[in-house]
Amino acid sequence: MPTTGAPRPVSADQVTLTHLVPGDAPALLELETRNRRQLLVGAPAREESWFTEVGQRTAIAHALAEQESGRGLSLAIRLEEDGQRRVVGRLTLAAITRGAFESASLGYWVDHALTGRGIATHAVASAVAVAFGGLGLHRLQAEVQVGNDASARVLEKCGFAEYGIAPDYLRLGGGWADCRLFQLVDSRWRPRETQRPGTERNGRRPGETTLGAQVPGLQEALALYDAVGWSAYTEDPAALERSLAGSAHVVTARRDGELVGLARVLSDRATVAYLQDVLVHPDVQRAGLGARLVDAALEPFAAVRQQVLLTDAEPGQRAFYESLGFVEAHDHEAGLRSFVRLR
């Protein structure tokens, strides 16, 4: 059958979620303005001030305040294609409620000109990983206006189940809309208690250490950072949680399901990749796991020219990173200097 004119699907690695920053205001303004009519089926009617750069900067500031308080997480959906990486939509985890609920409400939209290519599906799948991983939530809820079947299909592809219809549930497009209610529950959720790596579990000896791209749960991450003595991170769990969720790429190492290693990268995916943390639990050190973590963490950034890191001035650290091809800045043939300001 002819495929001329059919939307070109994108792969999962082309779609990323990043924290909104004030510099995203112009791109969001262009998208919001161009998609104004289409957004009426999934977003409230906006005042004219919303469709200004000042309005978008104000919205971003409010989103960052919600994030700082732990009540919400607003993310930009970015698409990497044809050598460019641009904002193509927004995704929000709102009304984050802890305690007995451990739940959040999911909302998202993608540029109407790019629909049908799988972008929303990849973005929602990534959001689920963040919600059930770094945020440690038990449940996600999403509401879809009756008639918005495309958005409902995205949720169903990502495992959400419809559990009811709520009349006059949300004020969308200037009027009250009936909505289909969807939810996704993490059946594996439990208060995480990290077992000491290297011990027996359920009568079985530890198996092979496996690596995967994943934002770990907060409690198991705290246990790993504590095991390697990185108290600057464990003293502020909320900051650690935000840093993991906001990383461009996180790789974990697990043995029998337990977290024994982690590496993460901060990057714009175009000009620089910053290797921020590399941790290996003391019980599994000196077995090559650190090198595997570094390789896996930097693999998506192979084409990025600047791959940099800041680490302790300890001979073993220098030898480790030099063995992986890193060179201290002042030893580089181009005569580079590195600077840092720690607060």
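Of note:
- Tallying residues that are among the acidic types (Asp, Glu) and surrounded by 13 or more Cβ atoms within 10 Å (Cβ to Cβ) within the range 64-87 yields 3.
- The set of residues in the range 15-33 being in contact with a helix residue (DSSP H, G or I) (Cβ under 8 Å, 6 or more places away or on another chain), in contact (Cβ under 8 Å) with a residue 24 or more places away in the chain and in a helix (DSSP H, G or I) consists of Pro22, Asp24, Ala25, Pro26, Leu28, Leu29, Glu32.
- Count of the range 124-154 residues which are closer than 26 Å to Arg71 by Cα and either of a type outside the set (A, V, I, L, M, F, W, C) or touching a helix residue (DSSP H, G or I) at 6+ places or on another chain (Cβ under 9 Å) (or both): 19
- Residue in the range 266-273 that is assigned to a strand (DSSP E or B) and either among the aromatic types (Phe, Trp, Tyr) or in contact with a helix residue (DSSP H, G or I) (Cβ under 7 Å, 6 or more places away or on another chain) (or both) present: yes
- Condition check for Ala61: surrounded by fewer than 19 Cβ atoms within 10 Å (Cβ to Cβ), more than 21 Å from Asn35 (Cα to Cα) and assigned by TED's automatic domain parsing to the domain that holds Pro44: yes
- Hits in the range 103-119 - residues which are under 18 Å from the mean Cα position of the chain (by Cα) and either surrounded by fewer than 20 Cβ atoms within 10 Å (Cβ to Cβ) or on the phi < 0 side of the Ramachandran plot (or both): Ser103, Ala104, Ser105, Leu106, Gly107, Tyr108, Trp109, Val110, Ile119
- Strands (runs of 3 or more DSSP E) fully within the range 35-133 that include at least 1 residues being among the aromatic types (Phe, Trp, Tyr) and at pLDDT 90 or above: 103-110.
- In the set Arg343, Arg286, Arg305, only one residue is outside the structural domain of Leu222 (by TED's automatic domain parsing), of a type outside the set (Val, Ile, Thr) and surrounded by fewer than 10 Cβ atoms within 10 Å (Cβ to Cβ); that residue is Arg343.
- Candidate set: the range 151-186, residues that are in a loop (DSSP other than H, G, I, E, B) and more than 21 Å from the chain's Cα centre (by Cα); chosen: the one nearest to Gly217 (Cα to Cα): Gly173
- Taking the numbered list (1) surrounded by fewer than 19 Cβ atoms within 10 Å (Cβ to Cβ); (2) within 18 Å of the chain's Cα centre (by Cα); (3) not in a strand (DSSP E or B) in turn, Gly229 passes all entries but (2).
- Taking residues in the range 250-263 that are of a type in the set (Asp, Glu), and partners anywhere that are surrounded by fewer than 20 Cβ atoms within 10 Å (Cβ to Cβ), the pairs with Cβ atoms closer than 6 Å and at least 6 places apart or on different chains are Asp256/Arg201; Asp256/Pro206; Asp256/Gly207; Glu258/Gln195.
- Within the range 302-313, residues that are more than 14 Å from Arg269 (Cβ to Cβ) have Cβ atoms under 9 Å from residues that are β-branched (Val, Ile, Thr) and assigned to a loop (DSSP other than H, G, I, E, B) in these pairs: Leu310/Val340, counting only partners at least 6 apart in sequence or on another chain.
- Residue list for the range 308-323, filter: surrounded by 13 or more Cβ atoms within 10 Å (Cβ to Cβ) and outside any strand (DSSP E or B): Thr311, Gln317, Arg318, Phe320, Tyr321
- Cβ-Cβ under 7 Å pairs, at least 6 apart or on other chains, the range 215-228 side assigned by TED's automatic domain parsing to the domain that holds Arg264 and within 22 Å of Ala125 (Cα to Cα), far side in a helix (DSSP H, G or I) and among the basic types (Lys, Arg): none
- Selection status of Thr234, surrounded by fewer than 19 Cβ atoms within 10 Å (Cβ to Cβ) and not assigned by TED's automatic domain parsing to the domain that holds Ile77: yes
- Note on the range 324-340: residues that are exposed (fewer than 13 other Cβ atoms within 10 Å of the Cβ) and outside any loop (DSSP other than H, G, I, E, B) amount to 2.
The values are calculated or read from the model by the stated rules, or taken from the named source; none is laboratory data. Computed from a predicted model, the values in this text were never measured in an experiment. A quick note on method: Cβ atoms are made from the backbone with ideal geometry, for glycine too, and the neighbour counts reach across all protein chains shown.
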